[in-house]
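**Student:** Before anything else, here's the structure in question.
None of the figures in this text is laboratory data; all of them are computed from the coordinates on show. Just so we're clear, the structure is a prediction, and the values are computed from it rather than from any experiment. Neighbour counts run over all protein chains shown; Cβ positions are idealised from the backbone, glycine included.
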Amino acid sequence: MGTDRPGAGLRVRSTDLPLSGAVGTSPRARDHTRAFLEDRDPPLAPTVVEDVLIASGELVANALRHAPGPCVLRLTDDGMRLTVAVSDTSTEAPIPRHPDLSAGRGGFGWHLLLRIAEDVEIARDPRQGKTITVTLPVRTDNATGNRH
């Protein structure tokens, strides 16, 4: 899956998944992310797997909901950090909203991403849209410590 590039003694893995936005896009992105994470040696701590699945799910869902057209999910593991990036056709940055518990209109995703991520970047290209990249630290099954 993806590409392996040697860099500074670390095995860098990366994969891109073009997504059309058709029915089944979100589960396809989740399955692709899970397969990418399961292919890692040493295995990641379960909380890292959960955080990466949350990040990819939120970014893809937001791209499908707020941007017209297709998007691309890119996952990268450089041995120290995992990045989840989604490129879509909208140049608009996410607008944080108050979470809505009663009407079911969401508002939780952006706040959650900011909480679990080490870093969140938004790169805009007026001709093509934007890419939102979430960076998470790598912890393996042998690592100890709290979530965040």
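**Student:** Along each principal axis of its Cα atoms, how long is the range 3-137 end to end? Whole angstroms, biggest number first, please.
**Tutor:** Per principal axis, max minus min of the Cα coordinates gives 47, 34, 27 Å.
**Student:** Rounded to the nearest 0.05, what FRET efficiency is calculated for SER102 and HIS66 with R0 set to 22 Å and r the Cβ-Cβ distance? Don't skip to the end; give the middle numbers.
**Tutor:** On the way: r = 22 Å, r/R0 = 0.99.
In this case the efficiency is close to 0.50.
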